[in-house]
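Colleague: Okay, handing you the structure first.
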Amino acid sequence: MRLPGFYKLSVEERRKILKEKGLLNEEDFKTLSSPLTLEKADSLVENVIGILSLPLGVATNFKINGKEYLVPMAIEEPSVIAAASRAAKECLPEGFSAEADKPIMIGQIFLEGPSFDCNKLREIGDEALSHLKKYGCGVVDVKERYLGGERRVFYFYVNVGNAQGANIVNSMLEEVGAFLSSQSRVIMQIVSNLAIMRKVRVRAVWHSNQKQVLDAYRCALADIYRCATHNKGIMNGIDAVALATGNDWRAVEAGAHAYASLNYYKPLTSYYINEEGGLVGELEVPMAVSTVGPAVRANPLARLSLKLLGVKDAGELAMVMGAVGLANNYAALSALSTEGIQKGHLRLHARRVAKEAGAQGEEIERVAQNLASEGVFSLERARQILEEIR
Ligand code: MEV
């Protein structure tokens, strides 16, 4: 969603705009100011003694499959939200195209014992999920892999609907495991975070810095140390949306890096220049995320983020997250291969110092520009400049 100049406004002014657009109401602002009570936190995890806060911002300019989004991102690192918004703006008016696979997760049962009829196991697993049929859940397939000796692993392919899937899969596996344990020694049963059946694919075309970005991408292809950082930049965006929407970002991380490592460790994005000279960026990554479930229900801020985002299901959320990952990657490669990332960081830092010095509205930009051009970012100098321009 385009919100020109949003970054220049105060928090209150930004909230006012979101209210005017009918995206958030007064009740939501209360949630934004005190999102999680100690009592709620205590019901979520063990041994609670406090609550960790993170800034929640929104990335602007995202258009995915023709629909506009304002994307909530929870992150402590400066520049990430600005970079995503800038890259999203630079691929307009087309924006991103995206598609998500069906929500199929894989569950595994490792055991020592005789082989079993996979179809029979599928039926038992499916029966264990009969109460969730109305949400589209069920076991669609089971496969066996022989591991040597009497050891084998069964892979359960499970449709988990709009859920992240770990709880659904693990509960089902435990029922099947109980059946199997009468004839075998069940070693363990657990969901796999390599959600390879549940990938998202995103694409966008940019018309600036094509050659430089392509060169930067090739560095990641050629060198694993660079590739890790390249993928980290992608996860900056993906994790921030996962956090904002109450999703298990460790599961998303595990899936992404295991997927990147299949055969050999590689970038999660790829780039090429098309016949029109545009830079095509593509991303493919597993995306096991959810718009329902206990973590979302218990976290008012996650519910609010999903409302702001306006996604109808987990597949649509996955596409948004993929688009943000690709945007952050393009932005990072573009900055690294041109002016470097520090200049942009310093510009944002200058704005922060200007605000801290008391600059308001238009003054912020003017003070920040002065600080940046002098290369001095002290609060004292910011105050002096503010006095001079006033
Ligand atoms: C920093 O959080 C992310 C980057 O290092 C990503 C990259 O190098 O591609 C800027």
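Colleague: Exactly one condition in (1) under 16 Å from the mean Cα position of the chain (by Cα); (2) among the acidic types (Asp, Glu); (3) within 13 Å of the ligand (Cβ to nearest atom) is false for residue 313; which is it?
Modeller: (3)
Colleague: Same structure again: Tell me whether segment 86-97 contains one or more residues that are crowded, with 16+ Cβ neighbours inside 10 Å, within 20 Å of residue 238 (Cβ to Cβ) and within 16 Å of the ligand (Cβ to nearest atom).
Modeller: Yes, segment 86-97 has at least one match.
Colleague: Out of curiosity, is residue 340 within 16 Å of the ligand (Cβ to nearest atom) and free of Cβ contacts under 8 Å to residues at least 40 places away in the same chain?
Modeller: Yes; evaluated as a whole, the condition is true for this residue.
Colleague: Working only within segment 367-387, note down all residues that are outside any helix (DSSP H, G or I) and within 17 Å of residue 344 (Cβ to Cβ).
Modeller: Taking segment 367-387 first, the residues outside any helix (DSSP H, G or I) are 375-378.
375, 377 - these are the residues of segment 367-387 that are outside any helix (DSSP H, G or I) and within 17 Å of residue 344 (Cβ to Cβ).
Colleague: Now, a different point. So if I check each of 213, 205, 186, which one is buried (at least 16 other Cβ atoms within 10 Å of the Cβ), in contact (Cβ under 8 Å) with a residue 60 or more places away in the chain and not assigned by TED's automatic domain parsing to the domain that holds residue 267? Give the steps one after another, and end with the answer.
Modeller: On the way: 213 fails: not assigned by TED's automatic domain parsing to the domain that holds residue 267; 205 fails: not assigned by TED's automatic domain parsing to the domain that holds residue 267.
Selected residue: 186, the only one of 213, 205, 186 that is buried (at least 16 other Cβ atoms within 10 Å of the Cβ), in contact (Cβ under 8 Å) with a residue 60 or more places away in the chain and not assigned by TED's automatic domain parsing to the domain that holds residue 267.
Colleague: Residue 349 fails exactly one of the following numbered conditions: (1) in contact with a Leu (Cβ under 6 Å, 6 or more places away or on another chain); (2) closer than 20 Å to residue 59 by Cα. What is the number of that condition?
Modeller: (1) is the only condition that residue 349 fails.
Colleague: Now, a different point. When the residues of segment 344-360 are narrowed to those that are closer than 16 Å to residue 78 by Cβ and away from the ligand (no atom under 16 Å from the Cβ), which ends up surrounded by the fewest Cβ atoms within 10 Å (Cβ to Cβ)? So that I can check it myself, show each step before the final result.
Modeller: Kept after step one, since they are closer than 16 Å to residue 78 by Cβ, are these residues of segment 344-360: 344-356.
Next, only the ones that are away from the ligand (no atom under 16 Å from the Cβ) stay: 350-356.
On the way: 350: 24, 351: 22, 352: 14, 353: 24, 354: 27, 355: 16, 356: 11.
Per the stated criteria, the residue is 356.
The values are calculated or read from the model by the stated rules, or taken from the named source; none is laboratory data. None of the values given here were measured: they were computed from a predicted structure. Every residue, glycine as well, gets a Cβ built from its backbone with ideal geometry; the counts of neighbours run over all protein chains shown.
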